[in-house]
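The values are calculated or read from the model by the stated rules, or taken from the named source; none is laboratory data. The shown structure was predicted, so the numbers you read here are calculated from the model rather than taken from an experiment. Reconstructed Cβ throughout: ideal geometry from the backbone, glycine too, with neighbour counts over all protein chains shown.
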Amino acid sequence: MGNLIFKLKKIKGAYSAEIAARHNLREITAELGGTSRIDPRKSHLNIILEGANHSKLVALEAKELLSNGYKKKIRKDAILAIEAIFCPDIHFEGNLMGLFRNSLEWIRAYLKVPVLNAVIHFDEGIPHMHVVMLPLRNGKLTAKEICGYKAQQRAMIDDYFTKVANKYGIHKPIPIHLISSEQRINLTNNFLDTVIRFPEKLTEYRDALERVIQMNPLPLLNAIGIHPNIKGREEFVEIMTK
């Protein structure tokens, strides 16, 4: 049993496929060690399910596919890569490799686009898979159509959980708007009671907690007396470009 995060995002930029592959193949030195979530001592455990083992080769394949399958001039603002992330939670005890392989085959069949790179990461807190794809279908380069709008995205998620995730005991998360205020209070109290009784669980579930807190850390920081001085985006850009 357990939950699973499934995300599909567009990656902007002329070198988007290469940049995504550099991260997935652990070629960015600045991301390794220190305060990073990546443990380079475990990076040898990562598995390439599909694609080349170097970002330059991934970019070359994307270029060849575009050259052969897209005959129009590519716009400067065109989206040249999309990426799917599949991340089961820490409670998942099933066939992890089976889940990832089936997830890869499902998204290939569902989106009907070329897969450039698929990598499973075991060097972070929770094993997860990145799948980088070229948004080229039937001679059209259209990430917007492939990723779809809200209704299409909901249908995609339903299809994934029905055909893949459910078979591994993973069920679609309950939408937050279906949980009443009273239920939220009770669930919050249950969580707090558990971590007070078993503080070691804070370490055990650190990755899951990080994802929740990162959505909006300010209320929690303010509640415990931490008031960060955060510069606005425009001021930050101005400082970095001086």
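If you go through segment 211-220 and pick out every residue that is in a helix (DSSP H, G or I), free of Cβ contacts under 8 Å to residues at least 24 places away in the same chain and out of contact with any helix residue (DSSP H, G or I) (no Cβ under 9 Å at 6 or more places or on another chain), you end up with 5. For segment 168-192, the set of residues classified as in a loop (DSSP other than H, G, I, E, B), at pLDDT 80 or above and either in contact with an Asp or Glu (Cβ under 9 Å, 6 or more places away or on another chain) or closer than 30 Å to Met97 by Cα (or both) consists of Gly169, Ile170, His171, listed by residue number. For Val119, the requirement of being under 13 Å from the mean Cα position of the chain (by Cα) and closer than 21 Å to Ile47 by Cβ is met. The condition of being over 22 Å from Met97 (Cβ atoms) and out of contact with any Asp or Glu (no Cβ under 9 Å at 6 or more places or on another chain) holds for Glu61.
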